[in-house]
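Chemist: I'd like to ask you about the structure that follows.
The values are calculated or read from the model by the stated rules, or taken from the named source; none is laboratory data. Everything numeric here is computed off the predicted structure, so don't read it as measured data. Cβ sites come from the backbone with ideal geometry, for glycine too, and all protein chains shown count toward neighbours. The protein model used for the area step is the full one, side chains on, heavy atoms only, and it has no ligands, DNA or RNA in it. Shrake-Rupley method; radii C 1.70, N 1.55, O 1.52, S 1.80 Å.
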Amino acid sequence: MAGVVIEAGTEADLAKYKARDILDVDVELPPLSAELLHLTKWIATYYMCAWGEALRAALPPGSSGGSARSRVRTVAMVDLSDEAPFELPRGARQQEIIEQMRVWKAAEETPVPQTQVLAECGGTAATLKRLAEMGYLHIETEELDRSREDLEELLRTVSRPDLHVRQQEAVDAISAQIASGAFKTFLLHGVTGSGKTEVYLQALEAARQEGKTGIVLVPEISLTPQTVRRFRARFGDEVAVLHSRMGDGERYDAWRGIGEGRFPIVIGPRSAILAPLKDPQLIIVDEEHESSYKQFDPAPRYHARDVAVIRAMKNGATCILGSATPSLESLSNARAGKYQLLEMPERVPIDGVPARLPDVRVVDLRNEASMRGTNNALSPSLLAAIEERAEKKEQAILLLNRRGFAPVMECTSCGWVPECPDCSVSMVYHRPLNHLRCHYCGITKPPPRTCPECQGTELAFLGSGTQRLEAELAERLPDVRVLRMDLDTTSQKGSHNAILEQFGRGEADVLLGTQMVAKGLDFERVTLVGIIRAEAGLQLPDIRAEERTFQLLTQVAGRAGRADLAGQVYLQCVQPGHPVIQFALRHDYAGFAKYALETRHALNYPPAGRLVSILFSGPDDDATRTRAEQFRTLIDNHLKDVDRLGPSPAFIHRVKNRYRHQIILKIPESVPASRVREGLRKAESAAGSLPSGLRMTIDVDPVGLS
Ligand code: ADP
Ligand code: ZN
Ligand code: ZN
């Protein structure tokens with residue numbers, strides 16, 4: 001078992017525990033700083049998990065289990081040092097290495113990967129390290145995700161624009177704060193294309209000029225390659241990029257490099273907030289409203305944005321939360337004076353010409369007679385617009401937040417729909433592989449030829465997923481070149497980036513996909529955005545369903561017409577009068593916030609109060625529900641001034657053959673979090689240990705559905 005030493009105990013402690021011998025110590029990993037010990041302790045307390053669970057999140061995966069340390073190292077690159085002594089070193093092997101290195105240097109082949117040096121000359125990593133210590137060699141860890149040539153190419157293309165007046169004001173305020181060394185959080189609210197990323201870059205430059213370090217959080221590295229590239233272009237190999245598809249070994253090495261102080265800038269998804277950077281003085285959370293900042297499984301179920309603010313506070317650091325559509329929580333904190341609001345309401349002008357937000361045109365699908373009775377997802381006007389752009393060598397992005405071919409397969413005579421045998425959801429038809437798939441557990445099975453209920457042979461595919469939309473385009477606009485981007489086309493490492501690069505090079509006219517296409521993309525030639533079904537997602541029983549939909553519509557609309565070409569958005573819907581759609585088409589964030597906050601306040605939902613979700617799951621429905629009901633009684637005894645909803649079956653009642661029942665606590669602002677924790681702890685100990693097979697999951701500040 002791997003453990004973490006947090007302090008030295010006393011002789012007296014030995015009476016309390018049975019101490020085990022320490023078999024081995026991972027000396028390569030820099031020790032956790034006092035700062036991270038405090039931060040993980042805070043996470044454990046606030047999110048109600050074990051300190052060990054929080055500590056594990058702060059350690060690279062390779063370190064948490066003895067023999068699991070089969071890590072692949074990042075490529076170490078070896079070069080002759082500029083100050084290499086002229087005389088050869090003494091050892092024969094050492095001489096051989098230096099002579100070979102001189103040959104490579106003369107041929108301009110340096111730096112050479114360490115593995116190549118060792119393969120050609122023999123010796124071990126220690127031999128090279130020794131030569132480096134003697135001043136002969138220079139060994140550098142190669143960048144984690146791109147080759148050196150790419151980096152150099154990037155650094156050549158870097159341009160540092162003069163800031164627009166609004167950007168300058170933001171950078172000035174932030175730089176002054178960084179210099180002061182006192183804690184503050186800024187909420188940078190800037191419309192899409194207002195130049196937020198440039199503000200982050202220059203704020204980080206200001207920090208670096210004072211020798212300070214910083215962390216940049218992005219929602220998901222693979223979805224934001226353009227953003228990451230801009231940071232690397234500006235800061236080169238000062239940047240450690242962490243990503244979720246890194247192997248354990250890569251992550252281990254990155255963690256080590258950061259802990260050793262080799263990378264003063266860390267950019268990564270939510271887990272990067274726990275990176276072992278020493279004393280970060282600037283913490284940036286890009287797209288702070290994104291729900292991917294919340295971790296669900298395994299514990300700690302932390303929200304990286306909130307941890308970012310806490311880490312900054314504990315460190316006297318500056319924190320920037322940036323978004324075109326700030327979360328209602330952050331907006332409220334800004335209004336309450338906890339955060340300082342910085343606004344950038346306009347797009348950056350290009351060559352002095354103010355760039356406008358795109359025009360949004362509503363297509364009311366109820367009036368589209370020609371679509372009735374068909375499975376077509378594209379209205380004639382959107383179809384014509386796509387064709388027109390393709391002819392002008394401009395590009396279009398289409399959003400359809402549903403993958404697969406058809407979301408529903410249905411028997412036309414009896415209405416039977418295939419359901420996942422293990423989860424209470426219907427299965428989605430995927431055409432390329434001709435199977436039905438459960439999007440919750442991933443199980444697949446062949447589609448039946450006849451209805452298992454009535455033996456009917458007419459099985460219809462209803463509705464459109466991204467695969468069907470792709471097929472529809474191929475059929476109706478055969479000359480238009482289409483790329484599809486969804487979970488199914490991006491399951492392989494690098495495939496996401498490959499699709500974006502192809503699109504960026506103009507090798508396709510249309511990029512269609514799920515919400516992946518809405519994020520952080522900036523393509524000059526995209527002048528059309530089509531939203532296939534604007535209200536998809538609104539009906540989900542989630543307190544944030546409207547907020548999510550508004551954010552998604554605003555984000556994807558922002559992809560149109562970013563440079564000198566005017567942008568147009570076609571928003572297809574069946575409820576054009578819905579307030580969320582109305583606010584989205586007017587780019588009216590303030591109006592939306594006012595509308596949504598009214599409901600949240602009326603119902604004591606965040607940000608008006610806080611939520612804690614308690615989910616029980618088990619193989620037996622009755623036993624699980626009974627346990628949840630018992631717990632409800634205990635909560636009612638121990639937590640009096642808290643509103644309680646449920647237990648009731650979770651939104652998806654059964655997942656992977658486990659039944660789920662949920663209790664939601666609504667905690668008024670007046671009740672301190674510590675009291676809730678205490679009450680829950682008491683209820684937990686009164687409830688006793690869980691029967692085997694049952695699981696109870698506490699989620700503090702939950703996000704999304706269970
Ligand atoms: P946001 O992150 O707010 O959507 P970006 O930072 O991506 O906006 O900026 C949008 C575009 O404008 C990018 O192509 C960026 O390079 C460009 N840009 C940003 N700031 C400036 C500036 N001051 N002058 C010229 N171009 C800029
Ligand atoms: Zn049937
Ligand atoms: Zn399933």
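Chemist: Please specify each residue of region 616-629 satisfying the condition of being in contact with a helix residue (DSSP H, G or I) (Cβ under 7 Å, 6 or more places away or on another chain) and surrounded by fewer than 20 Cβ atoms within 10 Å (Cβ to Cβ).
Modeler: Within region 616-629, none qualify.
Chemist: Go through Ala317, Ala308, Ala312, Ala336 for me and flag whichever is free of Cβ contacts under 8 Å to residues at least 60 places away in the same chain, over 20 Å from Gln555 (Cβ atoms) and more than 16 Å from ligand 2 (Cβ to nearest atom).
Modeler: Matching residue, one of Ala317, Ala308, Ala312, Ala336: Ala336.
Chemist: Moving on to the next point. Within the group Glu535, Glu501, Glu507, which residue is more than 16 Å from ligand 1 (Cβ to nearest atom) and modelled with pLDDT of 90 or more?
Modeler: Sole residue among the options that is more than 16 Å from ligand 1 (Cβ to nearest atom) and modelled with pLDDT of 90 or more: Glu507.
Chemist: Now, a different point. Assuming Gly236 fulfils every condition listed in (1) over 19 Å from the mean Cα position of the chain (by Cα); (2) farther than 28 Å from Arg559 by Cα; (3) of a type outside the set (Asp, Glu); (4) open to solvent by less than 10 Å² (accessible area, probe 1.4 Å) apart from one, which condition is it?
Modeler: (2)
Chemist: Out of all the residues in region 507-528, is one or more more than 16 Å from ligand 2 (Cβ to nearest atom), open to solvent by 60 Å² or more (accessible area, probe 1.4 Å) and without any contact (Cβ under 8 Å) to a residue 40 or more places away in the chain?
Modeler: Yes: region 507-528 contains one or more residues that are more than 16 Å from ligand 2 (Cβ to nearest atom), open to solvent by 60 Å² or more (accessible area, probe 1.4 Å) and without any contact (Cβ under 8 Å) to a residue 40 or more places away in the chain.
Chemist: Considering only residues that are touching a strand residue (DSSP E or B) at 6+ places or on another chain (Cβ under 6 Å), part of a strand (DSSP E or B) and within 16 Å of ligand 1 (Cβ to nearest atom), look in region 511-531 and name the one that is modelled with the lowest pLDDT.
Modeler: Val526
Chemist: Still on this structure: Confirm whether Ser379 is farther than 21 Å from Ile43 by Cβ, in contact (Cβ under 8 Å) with a residue 60 or more places away in the chain and open to solvent by less than 10 Å² (accessible area, probe 1.4 Å).
Modeler: yes
Residue-wise test of (1) among the aliphatic types (A, V, I, L, M); (2) surrounded by fewer than 22 Cβ atoms within 10 Å (Cβ to Cβ); (3) in contact with a Phe, Trp or Tyr (Cβ under 6 Å, 6 or more places away or on another chain).
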position	(1), (2), (3)
Ala534	yes, no, no
Gly567	no, no, no
Leu585	yes, yes, no
Leu603	yes, yes, no
Ile614	yes, no, no
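Chemist: Taking Ala596 as the residue in question, decide whether it is open to solvent by less than 60 Å² (accessible area, probe 1.4 Å), over 26 Å from Ile652 (Cβ atoms), modelled with pLDDT of 90 or more and assigned to a helix (DSSP H, G or I).
Modeler: no
Chemist: Which of the residues belonging to region 406-416 are in a loop (DSSP other than H, G, I, E, B), surrounded by 15 or more Cβ atoms within 10 Å (Cβ to Cβ) and either within 16 Å of ligand 1 (Cβ to nearest atom) or among the hydrophobic types (A, V, I, L, M, F, W, C) (or both)?
Modeler: Within region 406-416, Trp416 is the sole residue that qualifies.
Chemist: Taking region 389-416, which residues are among the hydrophobic types (A, V, I, L, M, F, W, C) and either closer than 30 Å to Thr457 by Cβ or at pLDDT below 90 (or both)?
Modeler: Leu400, Phe405, Ala406, Val408, Met409, Cys411, Cys414, Trp416
Chemist: Show the residue pairs that are 6+ apart or on different chains and have beta-carbon atoms under 9 Å apart, the first residue being within region 655-673 and in contact (Cβ under 8 Å) with a residue 12 or more places away in the chain and among the aromatic types (Phe, Trp, Tyr), the second being surrounded by fewer than 19 Cβ atoms within 10 Å (Cβ to Cβ) and in a strand (DSSP E or B).
Modeler: These pairs meet every condition: Tyr659/Pro649; Tyr659/His653.
Chemist: Given (1) free of Cβ contacts under 8 Å to residues at least 40 places away in the same chain; (2) more than 16 Å from ligand 2 (Cβ to nearest atom), where does Glu419 come up short, assuming only one miss?
Modeler: Of the numbered conditions (1) free of Cβ contacts under 8 Å to residues at least 40 places away in the same chain; (2) more than 16 Å from ligand 2 (Cβ to nearest atom), the odd one out for Glu419 is (2).
Chemist: For region 282-291, how many residues are surrounded by fewer than 24 Cβ atoms within 10 Å (Cβ to Cβ) and not acidic (Asp, Glu)?
Modeler: 1
Chemist: Moving to a separate point now. Any residue at all in region 328-338 that's more than 29 Å from Leu483 (Cα to Cα), more than 16 Å from ligand 3 (Cβ to nearest atom), open to solvent by less than 60 Å² (accessible area, probe 1.4 Å) and charged (D, E, K, R)?
Modeler: Yes, region 328-338 contains a residue that is more than 29 Å from Leu483 (Cα to Cα), more than 16 Å from ligand 3 (Cβ to nearest atom), open to solvent by less than 60 Å² (accessible area, probe 1.4 Å) and charged (D, E, K, R).
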